[in-house]
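Rule-based calculations on the coordinates, nothing more; no lab input. The model shown is predicted, which means the values in this text are computed figures rather than measured ones. Every residue, glycine as well, gets a Cβ built from its backbone with ideal geometry; the counts of neighbours run over all protein chains shown.
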Amino acid sequence: MKLKLTSMLVAIMVSPSVFSEVNIYTDERNSMSVGGFIDVRVINTQNQTEVVNGTSRINFKIDRKLKQGWKALGLVEWGVNPVGSSDIIYNNRFESIQDEFLYNRLGYAGLSHDKYGQITIGKQWGAWYDVVYSTNNSFVWDGNAAGVYTYNKDDGAVNGTGRGDKLIQYRNSYNDLSFTLQAQLKNSEFYTCDVSDITEQECETLWNAGDTAAQQVEFNYTFGASVTYPPTDMLTLTAGVNRGEFDLTYGDGTTQNVEDLIYGAGIMWGRVDQKGLYVSANINKNKNHDTDNLGRLIKDAIGIETFASYRFDNDFRPFIAYNVFDAGDDYVIQPNFNTDPNDVFKRQFAVIGVHYLIDEDTITYIEARKDFSDFESNDKDQQAQMEQSEDDGIAFGFRYQL
């Protein structure tokens with residue numbers, strides 16, 4: 001069970017979807033493999049129909065045997081955009097607007113030992129992702145209520161809950177219990193403004209001029225931890241926490257210290273890639289951890305994600321997913337920003353779809369999203385902007401795994 005669980009967590013570090021790898025070199029000490037997939041789709045949403053990139057990627061994984069049972073490991077992964085840039089923001093903003101053919105997704109190196117565990121340094125999936133990854137199985141509209149893809153559906157790099165930047169991470173297991181500890185060691189300072197269509201440089205100029213609509217944000221270290229426990233071969237339980245701090249300095253000189261906190265738990269029955277029933281769910285409580293669709297920091301919110309699928313003997317896998325991210329009203333913390341305390345932010349949608357596994361590495365799919373979100377504001381322009389990135393949609397595509 002220990003080796004099985006450790007292998008599962010290592011797979012989480014590489015990708016939301018466990019994919020095959022092709023070995024391209026092996027000798028007595030070293031091995032190198034290549035993995036990833038090409039994912040292209042046609043999507044209709046926000047009154048547009050377009051061919052877009054999905055989550056195409058390629059990675060190279062290296063292992064080297066060392067003395068006394070130790071092993072060195074490393075991985076680099078790039079997102080690949082085989083179809084060109086796209087203006088439709090439908091899932092993960094970080095991926096859907098990339099102009100580059102290649103862009104960085106993951107990159108880390110470390111050491112591992114069957115007894116002493118594994119330590120890695122670099123850009124990698126955060127400990128929090130171990131808690132909530134089990135609902136992230138829709139190809140087009142994966143969840144953005146679990147606190148992973150923070151800051152208007154980015155990749156979770158800033159606070160270490162998604163593909164975290166500059167992480168040092170330790171993983172190990174004791175009997176059937178696996179755990180992950182991590183620290184994000186970075187120094188970052190940036191500027192934000194309650195002004196539409198403004199660059200960060202222009203925002204910094206406003207801040208230096210003492211404008212109260214501008215703020216300087218210093219966001220440095222974060223820390224995270226998670227545990228995974230399978231009471232049976234079919235049932236898996238997860239729990240975890242991630243914490244950081246913002247120091248906000250407004251243009252008028254006032255300051256504010258803000259805690260970025262998320263904690264929660266998940267449950268999973270079965271395996272999504274195996275025949276039969278698969279069900280998963282997670283819930284989280286978060287503080288100052290994510291933003292609304294206008295980029296304003298949310299004071300408090302609750303996120304829930306659910307996913308259920310059934311893979312038949314003929315390799316059709318229908319599924320249904322439901323996500324809600326509820327911040328309620330009076331959720332914006334910036335006191336100097338032009339906000340109404342009665343603004344309401346509740347992102348809520350359902351996804352239904354079918355994946356057909358032509359074989360284990362070749363999948364065609366169709367997915368449809370129905371949006372039930374509730375965005376309310378006395379400022380109708382702001383309400384319209386919040387509603388713009390949440391819409392019904394339908395997509396079909398093809399995924400070819402290496």
Can you tell me, using C-alpha contacts under 8 Å and at least 6 residues apart, the relative contact order of region 2-401 as a whole percent? 13 percent
Determine the principal axes of the Cα atoms in the chain, then give the extent along each, sorted from largest to smallest and rounded to whole angstroms. 63, 46, 41
In a GNM of the chain with a 10 Å cut-off on Cα contacts, which of G251, G353, G147 has the highest mean-square fluctuation? G251
Name the aspartates and glutamates eligible as straight-distance cross-link partners of K285: C-alpha to C-alpha under 17 Å, and not fewer than 8 places from it in the same chain. D130, E245, E259, D260, D300, E305, D326, D329, D330
Amide H neighbours of A239 under 5 Å, counting only residues 5+ apart in sequence or on other chains, H built in-plane at 1.01 Å? V227, G266
Would you please calculate the Kirkwood hydrodynamic radius of region 178-318 over all C-alpha pairs and express it in Å, rounded to one decimal? 18.2 Å
The simple spin-label model distance between L235 and E189, using points 7 Å out along Cα→Cβ, in nm, is 5.2 nm
Full extension between I352 and L111 adds, at 0.36 nm per residue less the Cα distance, a length in nm of 82.7 nm
Of G35, G266, G160, the one that fluctuates the most in a GNM where the chain has Cα springs shorter than 10 Å: G35
Dipole magnitude of region 2-401 about its Cα centre, charges +1 at Lys/Arg Cβ and -1 at Asp/Glu Cβ only, in debye to the nearest 20? 2320 debye
Compute the FRET efficiency between T364 and D252 as 1/(1 + (r/R0)^6), taking r as their Cβ-Cβ distance and R0 = 60 Å, and round to the nearest 0.05. 0.60
Cross-link pairs beyond the 19 Å C-alpha cut-off, checked among K153/K287; K166/K299; K71/K115; K299/K380; K346/K380; K65/K186: K166/K299; K299/K380; K65/K186
Taking amide H positions as placed in the peptide plane 1.01 Å from N, state which residues far from H289 in sequence (5 or more) or on other chains have amide H under 5 Å from it. L261, I298
Other-chain or far-sequence residues with amide H under 5 Å of D391's (modelled H): none
The simple spin-label model distance between I121 and V42, using points 7 Å out along Cα→Cβ, in nm, is 4.9 nm
Qualifying lysines (Cα of each under 30 Å from Cα of K275; at least 8 residues distant if same chain): K2, K4, K61, K370
If E390, E305, E50 are placed from fewest to most neighbouring beta carbons inside 10 Å, the sequence is E50, E390, E305
Per residue of region 45-62, in order, report the coupling 6.51 cos²θ - 1.76 cosθ + 1.60 (Karplus, θ = phi - 60°) as ³J(HN,Hα) in whole Hz, putting x for Gly and Pro. 6, 6, 6, 9, 10, 7, 7, 9, 6, x, 10, 4, 7, 9, 9, 10, 10, 10
Please report the net charge: other residues with Cβ closer than 13 Å to the Cβ of D27, K and R +1, D and E -1. +1
Using a Gaussian network for the chain with springs between C-alpha atoms less than 10 Å apart, which of these wobbles most: F101, F325, F307? F101
